Structure formats: structure tokens, C-alpha cells
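Read-outs: derived from the displayed coordinates by stated rules, not from any lab. Because the structure is a prediction, the values reported are computed rather than measured. In this analysis, Cβ positions are derived from the backbone assuming ideal geometry, glycine residues included, and neighbour counts consider all displayed protein chains.
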Amino acid sequence: MSLKPIDLTGGKSVYCFNQQQLDRAFAMFQADDESGNKIREEVKRLESVLSRNEQATLAFVLIDHLNKTSEF
Amino acid sequence: MQKDMEMLNSYWQQCELISEKSSLVFTTMTKIDITPKAHEELLKLDIPEGSFLRINVIPGGCSGMTYSAAVDQDFSNEDVAVYEQERLRIVTDGGSAIFLEGLHIDYSDDLIRSGFRFTNPNAQGSCGCGASFAG
């Protein structure tokens, strides 16, 4: 056999979210308080000025930075 | 290797003959569906003349089973040819063939869901991109 492996699946999963994390994030996003208002305004602004792939890049970079600076 | 290629070529010729004579027989073979975009991306793998892409199903991934892919030259009696178009030939082993029947492969440029997308009608469940599935 002369197999030369090819990765069609994009490699290993790097960051994995669970339902609890997503529920907490959406609760913060929808909350009627200063933090919720700030997040909604920023998301609305970014969605209006960035393309889909720019938004995805921003999200990935932010997640990567947050993970690298996590105390846990 | 020469013998393997002769066996593979003979297999493709038989498929063509069978499909000409009876579509019923041909449809009993394992077949996968690849969108033009995914086909174009698979061609970019630059598989050498005389080689083919082998896609097998192996244990792994978050849903239990996942796909492995490799460029190969050795076609055995237990192998099944599942796709041939333009310069792209895809082969799988007999054990994986049952899981690949009806597999749909697409490709997305959308960064949040980029890369090859696998939709498998045999899967009981799968992860977001379909790269891992439960049979």
C-alpha cells in the first residue's frame, strides 16, 4: 500500500462550546441592562460593516485570544 | 502497481458495460454525490495520473465514525469504486461502502463553515460539518 493521507475534514476540532456556555452568552446578549445594550449595539455595528468571513475571523480571533488569556 | 491499475480499469469498464445494459444493476452499486464546487476542490488535490482518492469510514470524531482520505494506487478485490468523473476517481473498501451509499459532499467557502461538508443519509446523527457521524 502506498497511501498518502489527505485531510478532508479540516483537522481536529480546536474549540468546543457546550450548551450551557451558549445559553449564558445569549442570556447576556439579550439582557435588558448596560452590558446587554453594549453587546447588541456592537454586534449590530460589526454586522453592518464586516463581511461574513470578516465577522467569522473576528470571532475566531477573539475566541483564540480569550482562550490564551484564560486563567483556567 | 501495473496489475492494480489494470484491475481498476477493468472494474470501471465493467461498470460502464453494466450501466449500459441495465440501470438497475448499476444503481445497486455504492454511489456518492459530489457538487461541482467540491469536485473542483478535490481536483486541486492534484492526484497523480494512475492514482485515485480513497475514502474510508473509520472510528473517530465526536459522533463515533469519521472519514479518512488518502491518495492511493493499490486497488484490491475488496475495494468498491464509488465515483468517477473527469480526472477524479474515488474508491472505498468493502466495509466502508455500506456507510458511503448516498453520501453527498459539498464545499463551502464560508469561513464559519468552511471546507468539505458531508451529508450522509445513513447517519443517525452527525456533527456540524458532517465530518463525524453515528451509523
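Before moving on, here are some points about what is shown:
- The mean number of partner chain beta-carbon atoms within 10 angstrom of a residue's beta-carbon across peptide A:8-15 is 6.
- Computed magnitude of the charge dipole of chain A (debye, nearest 20; Cβ of K, R +1, Cβ of D, E -1): 360
- Over the stretch B:56-103, the pair-distance histogram of Cα-Cα distances with 10 Å bins from zero comes to 23, 55, 20, 2 percent, rounded to whole numbers.
- For chain A, the alpha carbon positions stretch 63, 32, 22 Å along the principal axes, listed from largest to smallest.
- Shielding by partners for peptide B:110-117, expressed as the average number of C-beta atoms from other protein chains within 10 Å of each residue's C-beta, is 4.
- Crossing angle, helix A:19-30 versus chain A [Cα axis fit, 0-90 degrees, rounded to tens]: 30
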